[in-house]
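So the structure is just underneath, and the comments pick up after that.
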Amino acid sequence: MRITGFFVMFMLAVVLTCSAAPICEIEDIFAPITDTHVHGSSIVQCPNGDLLVAWFHGSGERKADDVVVNGARKKAGESTWSPIFQMADTPDFPDCNPVLYIDQKERLWLFWLAVQANRWECGLLKYRRAEDYQGTGVPVWSWQDVINLKPGQAFADALEKDFEALGMGEGMWGEYAPPYTRMLLEAAQDPYKRQVGWMPRIHPLTLPSGRILLPLYSDGFNVSLVAISDDIGETWRSSLPIVGAGPTQPTFALRQNGDIVAFLRDSGESPMRVQISTSTDNGESWSPSTDTRIPNPDSSLEALVLDSGAWLLILNDTSIGRMRLSAWLSEDEGKTWTWKRQVEPSETLGSSFAYPSVIQSSDGNIHISYSYRSKEKTASIRHCTLNEAWIKSGK
């Protein structure tokens, strides 16, 4: 058997991960600030080992026209983060929910939402791309565009079919106040409403075939779908929707048999639980989402298949708030979660830890960026470095 360099590096990472001493180190990427909003971060490791993080920053979210996408980098081997630099700004429009991604050609992508009319459901899905991004400061962007998706009648048909399959209750209603599902089905007949407001939040998943799956969600429809590219991002098209009682902000994990599992934020009714959906056709279509037993306080989470084969879930594992951020680990592809360890709070003053973004670096360590807000209303983006040994050594 021919031993490739990639195989050697992969096995070395597995050995290091399994034999390493427990690590958990937490830092603020910049000093906590007041009277402003910093949220929705995304982290990647560059090919040269640098860490790059992006987040949105301004006086609010969708209703604040001064919101921009900012970033910072931590050079490989250095102990501090760079000064903040601007990654994207659509003048006079809020720029939110940045997502960083490095493709098979080692190009950097920044996906984000430019909010139109100060309404989530009117946003435009934008991206920038860079080949020169491993120096200092802001990446040198070589291309920028809008990703136009065109969910067709099949979107509306799938919505109706899955609502019926789930037997979703309607509660009280009247002829002047139609039921929830009827209103969504009527909206799904409008081509314009189907095509706008699809928001990014979580890293894309690259399949062994090279297909890119960019997870998206809509606050207008309160469902999710996937932007699919089979040509390394040159063109994009829509999957069928992930339908349920408020399944949003999907994060993907690939099973060994090729099935894709989506874990989703619960934006529906109580009990608040992480929702789950499955695709058996490479992301083209999805089963109706259903509740797991994992608590979720209507907050974002991210899953990652580690080099060891274990599944990692970083989440707020409560049903009532974002006061705790935890790492869950499974060795049976999410059937059971054997290890659970609290990452935050790391001190008594912390009050909110939310919207985690997670990667595994080339040395086997796990890196998480997330929003931090203290009881004193100061805010920052935090970075945590930990490993499997630390998760497994906890109670």
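Take the alpha-carbon positions of segment 269-321, form their convex hull, and give its projected area averaged over all directions (one quarter of the hull surface) in nm².
4.6
Proximity of backbone amide H atoms, modeled 1.01 Å from N, is registered between Asp66 and Ser59 at under 5 Å, excluding neighbours fewer than 5 places apart on the same chain.
Measuring r between the beta carbons of Ala20 and Ser362 and using R0 = 22 Å, the FRET efficiency lands at 0.95.
Comparing Phe56, Phe155, Phe263 in a Gaussian network model of the chain (Cα springs below 10 Å), the most mobile by mean-square fluctuation is Phe155. Counting pairwise Cα distances across segment 181-296, what percent come out greater than 25 angstrom? Distances greater than 25 Å cover 20 percent of the Cα pairs. Calculated FRET efficiency, Lys105 to Thr336, Cβ-Cβ distance, R0 = 45 Å: about 0.75 to the nearest 0.05. Considering only Asp230, Asp266, Asp35, the mean-square fluctuation computed in a Gaussian network model of the chain, springs between alpha carbons under 10 angstrom, is largest for Asp35. Pairs spanning more than 32 Å between alpha-carbon atoms, out of Lys74/Lys335; Lys105/Lys150; Lys74/Lys375; Lys75/Lys193; Lys126/Lys375; Lys75/Lys392: Lys74/Lys335; Lys75/Lys193; Lys126/Lys375. Ellipsoid fit via the Cα gyration tensor, segment 133-236: semi-axes of 35, 15, 13 Å, each the root of five times an eigenvalue, largest first. Round to a whole angstrom and tell me the spacing of the C-alpha centers of segment 78-93 and segment 290-336. Centre-to-centre (Cα) distance: 29 Å.
I'd like the carbon and sulfur percentage of the solvent accessible area for the chain, probe radius 1.4 Å, heavy atoms only, ligands and nucleic acids excluded.
Numbers: 8970 of 17070 Å².
C and S fraction of accessible area: 53 percent.
Charge dipole of the chain (Cα centre as origin; +1 on each Lys and Arg Cβ, -1 on each Asp and Glu Cβ, all else neutral): 560 debye, rounded to the nearest 20. Once the convex hull of all Cα atoms in the chain is built, its volume per residue stands at 151 Å³. Ranking Gly71, Thr181, Ser369 by how far each Cα lies toward the positive end of the dipole of the chain (charges on Cβ) leaves Ser369 at the top. Considering segment 70-162 at the alpha-carbon level, its Rg and Dmax are found to be 16.9, 53 Å. Computed on protein heavy atoms with a 1.4 Å probe, the accessible areas place Arg211, Arg373 in the order Arg373, Arg211, largest first. Using the rule -39500 (n - 2.57) for each DSSP H run of four or more residues, divided by the residues of the chain, the 222 nm mean residue ellipticity is -3500 deg cm²/dmol.
Just to confirm, what accessible area per residue do you get for segment 129-197 at 1.4 Å probe, in whole Å²?
63
Counting Lys +1, Arg +1, Asp -1, Glu -1, what net charge surrounds Gly152 among other residues with beta carbon under 11 Å of its beta carbon?
With Lys, Arg at +1 and Asp, Glu at -1, the neighbours total +2.
Solvent exposure of segment 238-349 amounts to 38 Å² per residue of accessible area, where only protein heavy atoms count and the probe is 1.4 Å. Cut-off 10 angstrom, C-alpha nodes, Gaussian network model of the chain. Which of Val146, Val44, Val305 fluctuates the most? In the Gaussian network model the winner is Val146. Dipole check for segment 255-331: with +1 at the C-beta of Lys and Arg, -1 at the C-beta of Asp and Glu, and the Cα centre as origin, the magnitude is about 280 Debye. Hydrodynamic analysis of segment 248-346 uses the Kirkwood radius over alpha carbon pairs. Inserted into Stokes-Einstein at 25 °C and 0.890 mPa s, it gives a translational diffusion coefficient of 179 µm²/s. For segment 18-135, the Cβ-based charge dipole about the Cα centre amounts to some 320 debye (Lys, Arg positive; Asp, Glu negative; other atoms uncharged). Between Asn118 and Ala389, the simple spin-label model (points 7 angstrom out along Cα→Cβ) gives 5.3 nm. Please name which of Asn257, Ser308, Tyr133 has its Cα lying farthest along the dipole of the chain towards the positive end, using unit charges on Cβ (Lys, Arg +1; Asp, Glu -1) and the Cα centre as origin. Projecting each Cα onto the dipole axis, the largest value belongs to Ser308. Here the mean projected area of the convex hull built on the C-alpha positions of segment 300-395 is 6.2 nm².
The values are calculated or read from the model by the stated rules, or taken from the named source; none is laboratory data. Here the structure is a predicted model, which means the values were calculated and not measured. Please note: Cβ atoms are built from the backbone with ideal geometry, for glycine as well, and neighbour counts cover all protein chains shown. For accessibility, only protein heavy atoms count, side chains too; no ligands or nucleic acids. Shrake-Rupley method; radii C 1.70, N 1.55, O 1.52, S 1.80 Å.
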